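Here the structure is laid out as structure tokens; the discussion comes afterwards.
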Amino acid sequence: MRMWVRAVVWSILIGMAMLASRPVHAQSAPSGVAEEDFTVTLGDGWVSQAKLTYPAGRSGPFPTVLLVLHPDVSMDFLVPPVSNDPIYKDLAEYLSARGIAVVRYNPRYVTGPGEYADQEKVFAQMPVDMVADARRVLEAIKTNPRVDARRVFAHGWSFSTLAAAELVAQTPELAGLILVGPIATSDRQMFIEDYTDIVLPYLLTYAPDGRITANALKQAQEGDGGFNTKGLLGFAFVDGSVTDRVAVNPFFDKNSDGVLDLNNEILPNLGAWVDTDPFVEIYRSIPNVYDQGSVIRQPVLVLQGELDGATRLRNVRGLNQAFANHPDFTLKEYPGLGHALEPTRGLSYNQLTFYSEQPKADYAAWVLARSAPAVPAALPRTGGADTHVLLALLALLSLLASGIGWRLKRRAVT
């Protein structure tokens, strides 16, 4: 069961490979941003490449964000043909240009975008392995003079939000947690809704009568659906054992007529299909973010696209209840944005590309606000008048001290 990508994610990648592959986009570091390459020893003794991005021309240490990676992506979040834009490189440089250092790393056995030293071992990793490797990276950066070890925040996106939240729950010295599109539930119904809310509405645009043929599946795979939509479509409804053409999955084709009937074959059997999905067990192998609400006490920021088809808004809004008694929990929702906080036209059309400007700006502002030196609790806070009040208090204290000193001298003389 640990071979979760061979069973699920690898099927998604194979399905996505049927698309016309876009080239991987290269980016040079902008001015004002510097980089430092280093290596870190992860689990199994694997020595991995890592990178620290930080503000150029400024003295540290800086507040730092640790990007917790999925097992099969490169440090820039590249895994062609599913993700061709260096999303994490862009995020790291954006934050570093605003005073925040960022650490990212190649996961265990990943040597580059879509390149693996041992594919079997990459795909055998579980969320607990992701947590352990993120902790090893955290320990490695603590002694870097550019990293403020007291102000390190963990970042998770989608599947890696499970590992990032667990890391923060286990590590009280971490300064906070940033989550994009978090896994807020692992209920069976959520996995069924992956199909009813995302996949089937898209698929029915190619089979409006509800009778899904192999040709309709082929057209849908070649259409403009999102990464998650097409991946799940291929995984559930295409027969993976047929390699020379697109064929319907016999699991749903109960009458063996080569057509999947929406009402009579697909909907009645979706629950049974989800029960066979090994990825469900992977999600449940570690607490989801909702379940961490009573454990995590550090500041938490959640950034959620309202049109996120992978982690739906209604599930993520449940975190307001989970963190109801939390001292510093923020959920920001973005209309018109998808799972990558990218502009999208609907739940079924999310693409993996760069985060939009506003979420990145909110992200940077939140980290900087929680990295500022603490104000002593005894000092009054009165908005714009703080400076004048403090000066007046200091003057009064000075006068009182002078008066006390004068009286003591008079007593000594007499």
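Mind checking which pairs have a first residue in the stretch 318-334 that is within 13 Å of Ile178 (Cα to Cα) and a second that is modelled with pLDDT of 95 or more and loosely packed, with under 14 Cβ neighbours inside 10 Å, Cβ under 7 Å, 6 or more apart or different chains?
The qualifying pairs are Leu331/Asn320.
Would you call Arg108 assigned by TED's automatic domain parsing to the domain that holds Ala361 and either assigned to a helix (DSSP H, G or I) or under 19 Å from the mean Cα position of the chain (by Cα) (or both)?
It is true that Arg108 is assigned by TED's automatic domain parsing to the domain that holds Ala361 and either assigned to a helix (DSSP H, G or I) or under 19 Å from the mean Cα position of the chain (by Cα) (or both).
When Asp277 is evaluated against the numbered criteria (1) at pLDDT 95 or above; (2) in contact with a helix residue (DSSP H, G or I) (Cβ under 8 Å, 6 or more places away or on another chain), which criterion, by number, is the only one it fails?
(1)
Name the single residue, out of those in the stretch 153-177 being surrounded by fewer than 24 Cβ atoms within 10 Å (Cβ to Cβ) and under 15 Å from Tyr363 (Cβ atoms), that is nearest to the chain's Cα centre (by Cα).
Per the stated criteria, the residue is Gly176.
Could you grab me the full set of residues in the stretch 41-97 that are at pLDDT below 95 and of a type in the set (Gly, Ala, Ser)?
Correct list: Gly57, Ser59, Gly60, Ser83.
Which of (1) surrounded by 14 or more Cβ atoms within 10 Å (Cβ to Cβ); (2) of a type in the set (A, V, I, L, M, F, W, C); (3) farther than 30 Å from Pro172 by Cα is the odd one out, the single condition Leu301 does not satisfy?
Here Leu301 clears every test but (3).
Of the numbered conditions (1) farther than 29 Å from Asp90 by Cβ; (2) touching a Ser or Thr at 6+ places or on another chain (Cβ under 8 Å); (3) aliphatic (A, V, I, L, M), Leu337 satisfies every one except a single condition; which is it?
Against the list (1) farther than 29 Å from Asp90 by Cβ; (2) touching a Ser or Thr at 6+ places or on another chain (Cβ under 8 Å); (3) aliphatic (A, V, I, L, M), Leu337 comes up short only on (1).
Condition check ((1) in a helix (DSSP H, G or I); (2) without any contact (Cβ under 8 Å) to a residue 40 or more places away in the chain; (3) farther than 19 Å from Ala175 by Cα) across all residues:
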residue: Ala50; (1), (2), (3): no, no, yes
residue: Val122; (1), (2), (3): yes, no, yes
residue: Met130; (1), (2), (3): yes, no, yes
residue: Ala134; (1), (2), (3): yes, no, no
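Answer with yes or no whether Asp148 is farther than 24 Å from Tyr355 by Cα, acidic (Asp, Glu), assigned by TED's automatic domain parsing to the domain that holds Leu331 and touching a Pro at 6+ places or on another chain (Cβ under 6 Å).
Here the answer is yes, as Asp148 does meet what is asked.
I'm checking my understanding of the structure. Among residues of the stretch 264-291 that are assigned to a loop (DSSP other than H, G, I, E, B) and among the β-branched types (Val, Ile, Thr), which one is farthest from His326 (Cα to Cα)?
Ranking the qualifying residues of the stretch 264-291, first place goes to Thr276.
Just wondering, is there one or more residues in the stretch 326-343 that are under 30 Å from Ala124 (Cα atoms) and part of a helix (DSSP H, G or I)?
no
The values are calculated or read from the model by the stated rules, or taken from the named source; none is laboratory data. Not measured: the values here are computed from a predicted model. Counting neighbours? That spans all protein chains shown, and the Cβs are built from the backbone with ideal geometry, glycine included.
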